[in-house]
Each structure stands twice: as C-alpha cells, then as structure tokens.
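The values are calculated or read from the model by the stated rules, or taken from the named source; none is laboratory data. Computed from a predicted structure; not experimentally measured. Cβ coordinates were reconstructed from backbone atoms using ideal geometry, including for glycine residues, and neighbour counts include every protein chain displayed. Accessible surface is based on the protein model in full, side chains and every heavy atom, while ligands, DNA and RNA are left aside. Shrake-Rupley method; radii C 1.70, N 1.55, O 1.52, S 1.80 Å.
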Amino acid sequence: MNTWRNASLAVTAAAVLALTTACGQDPGTNTNGQSVGAANPAGAADSGYGADTGAGAGAGAAGAGTAAAAKPAGQLAVWDSKKLGKVLTDSEGFTLYRFDKDTPAPPKSNCEGDCATTWPVVTAGDAKAAAGTEASLLGEITRTDGTKQLTVDGWPMYRFAKDTSPGDAKGQAVGGTWFASAPDGKKASPTAAGGGSGAADESSGDLAGLSVRKDPKLGDVVVDARGMTVYRFTKDSAWPMKTACTGACLDKWPVVAPVSKNDVDGVTTKGFVTFDRPDGIKQQTLNCSPIYTFAGDKKPGDTNGQGVGGTWFAVSPDNELVGASE
C-alpha cells in the first residue's frame, strides 16, 4: 500500500516539476496559485483529415447504443485550417460538425442513438458567438431527450468522438455526409467566406499556426494563422498562470486557441502549454503567458492593439513585449 502511495506521490511531483520547468521556473519554486492547463501541447491541426469511416456515418437510426453525454459549446471560436478554411470550434478548440441528413429549415436533427454516440451533440445553453461572427445565427432545437442542441443558421452542431485534441478534424467528410462547420453554418471550405463580420479577409492561407512577421515600426512580431498580430496583457501572470481578461474583455481581445507545437514557425516553444482558463476556454500560451488577438485589427498587418491602455503589447518571437517600457 505504501509502495503504491509513494509511487503516486512521485508521479505527481514529477508532473508538477515538468510543468514548472516548462514555464521557465527553477525546481523548488513555489507553484501555488491558479491551476494551469495541461502540460502537453495541443494536438496537431488537420490530423486525420477525412480518414475515418467508422460508425455513425449514416443517418443514425435509434439503436441499442446510448448517446454520448452532450457538452456545452461555451465561447465559440474560429480556427483557420490550411485544408478546410475557417472552421467553427467550441471553447476547448474542438471542431464542430454539421450533418447533411439534418435540416436547417425547419431545424431538425436526424442523429439519434448510436449516431449520437459517435457524434456527441453540442448544447446551446452557454454558447457565445465567436468574435467577428453574427450572434443572430445561433439558435437551438429541443431533441427527443429534452437536450437543447446548438444550431448555426439552423444546422444542428456536433463534435466527433474520435477527435481527441484541439485542431483535430477526423470527422471531415465521413460517410460523405459529415462536414466541419464554417462560422455561418455552411460547410467549411478554403474559399468560403466563413460568416465573418464583413471585413476583407486578407489571410495568406499559407501561414503556420504561429509565425513571425516583420512590422515596419515594431520589428519582428508574432502572428496567428490568419496573419493577425498576437498580443499579451501585462495584467496577466505567467506563473502562477492567471488571466485578467474575462467577460467583455474577451470580445475585444479574443484568445488564441491551442496550436500544435508542430505548427509553429520561428516562434519560441518554451513553455508552450495550453491554459485551462477559469471560464472553460482553452488558450495558447508562449512561455506560459496567455496570448490574444485584437478585434480592432481588421486585416493582417494591423497593430491597432499596440499599447492600448498601456497594458496590451505585441509579442516578439521570444515572447517579449514589443515596445513596452521596462
């Protein structure tokens, strides 16, 4: 019994030490504070693209299987996939799907029983529109079991049970009827507008999840997959990992969703961990510092968030605050 307990304590201590070291702290540093996210980086984006043809591809007639527990959508976000274009995700960065055998007008789900085990429904209760998308497109339907399921422009939303990491899209094109959803409820595609706010989308479509752009005024700054400038908030804390940007703040400063470590070009991967925020949103960090974009930046190359309030600053490739006074 003591041997098992000692082994368990050793594993726990090793995990804390690994995360502490990843966050740039010396062994023995006090790690008390708000719990941080998982120490493992998010899964690879676009992994298993269209590869799965397993159960649940059909209409999902009610069978012996029990539907998987429905999970809330939370703060929706938009993932720019090199293969799929703009993809709608839940608060944890997981791809949302739509089913061709459903109907949007009137909104109706035809995925029950075994189908709903493979394609867990997304509940509507706490859903919030992704930054730059139309909140009026969000709705709900009441399923036969009483669950309120999220709809986007009438299309019921689902996850795929075989997507195990943020950025996975293994459900894409399964059975020729399941497709990742664009932010406007249409099928995601590289050429789709994606239900954005109407601002011109000048994304190159060929950028890594995080990469470096040379700004004529600021020098080298980190950008996301759309080429949008990445920022840090000086009121946040890297260790213990905490955020001071919550609620309405996130409308102006959307979090950067988890990025695969293999989808980074020229940017530090020190302390490259996912932050499990208290509001349930998954957020990417650089050296354990939470990172964001700015809703006031309308196109790649904009740096309108630089210096806002004396607390928001663009990020250098080694996670320094660009232009901030010491």
Summed residue charge, Cβ within 13 Å of Arg143's Cβ, Lys/Arg positive, Asp/Glu negative
-2
Of the convex hull enclosing the alpha-carbon atoms of segment 217-326, the direction-averaged projected area in nm² is 6.5 nm²
Residue by residue, what Karplus-based ³J(HN,Hα) values in Hz, rounded to whole numbers, does segment 182-188 have, using 6.51, -1.76 and 1.60 with θ = phi - 60° and x for Gly and Pro?
6, x, 9, x, 6, 6, 5
Please list, ordered by chain and number, the residues whose modelled amide H lies under 5 Å from the amide H of Gln172; skip anything fewer than 5 residues away on the same chain.
Gly50
Here the relative contact order (percent) of segment 98-176, from C-alpha pairs under 8 Å and at least 6 apart, is 33 percent
In the neighborhood of Thr274, defined by Cβ-to-Cβ distances under 11 Å, what is the net charge if each Lys or Arg adds +1 and each Asp or Glu adds -1?
+1
Residues whose built amide H sits under 5 Å from the amide H of Glu140, excluding neighbours closer than 5 in sequence, are Thr151
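How large, in percent, is the carbon and sulfur part of the accessible surface of segment 223-326 at a probe radius of 1.4 Å?
In segment 223-326, the share of accessible area belonging to carbon and sulfur is 45 percent.
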Which pairs break 21 Å Cα to Cα here: Lys83/Lys187; Lys108/Lys162; Lys128/Lys148; Lys71/Lys162; Lys217/Lys298?
Lys108/Lys162
Could you tell me what % of all Cα pairs in segment 78-165 have separations over 18 Å?
41 percent
Pop out the ³J(HN,Hα) list for segment 126-139 in order, Karplus 6.51 cos²θ - 1.76 cosθ + 1.60 with θ = phi - 60°, rounded to Hz; leave Gly and Pro as x.
10, 5, 10, 4, 5, 4, x, 10, 8, 5, 5, 7, 7, x
Proximal charge balance of Thr303 [Cβ under 9 Å; K/R count +1, D/E count -1]
-2
Set of lysines near Lys242 by C-alpha distance (under 20 Å), chain-local residues within fewer than 8 positions excluded:
Lys252, Lys270, Lys282
Hey, what do the phi angles of segment 160-167 turn into as Karplus ³J(HN,Hα) couplings, whole Hz, using 6.51/-1.76/1.60 and θ = phi - 60°, x for Gly and Pro?
10, 4, 8, 7, 9, 9, x, x
For segment 81-182, the percent of accessible surface on carbon and sulfur atoms (probe 1.4 angstrom, ligands and nucleic acids excluded) is 52 percent
Nonlocal amide H pairs with Lys242, under 5 Å, H built at 1.01 Å:
Ser237
